[in-house]
Amino acid sequence: MLDRLQYTDGLGAIYPAMMYAIMAMDALGYERDHPDLELALRQFDDLILEGERSLIFQPCKFRCGIRRLRLLLWASKAKRCRGHAALCDWLLSKEIRRKGDWAAKRPDLKPSGWAFEFANEFYPDIDDHGHGAAGAATRQRQRSGAAVRAEERAVAWLLGMQSSDGGWRRLTWTTTRQFLNKVPLPTTTRCLIRLARTLRTLVESLVQARL
């Protein structure tokens, strides 16, 4: 648990796990000034947005998700709005290159991925990963290099995380228990959309090369 307080905005980068981490250390008798407990408390406090007349408690820091959606909106309008290139580059910089818990069952898969949260390197979301890959793809049309390599890593990781039943799950590999179908997370659909877009980009590039 303590290892997973690093490279993230908190344990799992989301409110319940972060709260339980603090409760666990308190139950184990950690002193208030213990570095690990201080870190957990600081990460928890960072979820609070305090204004002059309001106090908002965020479930997580989800700025990455918002910025990916903004990028997709720009791309869908076939425009290059002000700040588009900078946003693409920022998303590329947030690609996760560290193996997370998913590697327990996929040890040979090279890491890639994007998390929904601002920082959550142990748990990239497979569906949000597609949005990050879209950022790499839109930037790839403007230049080669880092964006092309990121797109290649992103697609390889996405394919490597496919479950044994042919679909995709949000955070894990080969989770096929039927009760999870009751959870409204359209991860497989999003992954298929991402792969379809990648294939279209490849075909367009081949056509342009022949012209």
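Under the condition of being in a helix (DSSP H, G or I) and surrounded by 11 or more Cβ atoms within 10 Å (Cβ to Cβ), the residues counted in region 24-34 number 3. Among the residues of region 10-21, those identified as surrounded by 23 or more Cβ atoms within 10 Å (Cβ to Cβ), under 17 Å from the mean Cα position of the chain (by Cα) and either part of a helix (DSSP H, G or I) or at negative phi (or both) are 11, 13. Among the numbered conditions (1) closer than 27 Å to residue 159 by Cβ; (2) at pLDDT below 85; (3) outside any loop (DSSP other than H, G, I, E, B), the only one that residue 113 does not meet is (3).
Counting only residues that are among the aromatic types (Phe, Trp, Tyr), modelled with pLDDT of 60 or more and not in a loop (DSSP other than H, G, I, E, B), which one in region 61-107 is nearest to residue 119 (Cα to Cα)? Once the filter is applied, the top-ranked residue is 90.
The values are calculated or read from the model by the stated rules, or taken from the named source; none is laboratory data. Note that the structure is predicted; figures quoted are calculated from it, not measured. Counting neighbours? That spans all protein chains shown, and the Cβs are built from the backbone with ideal geometry, glycine included.
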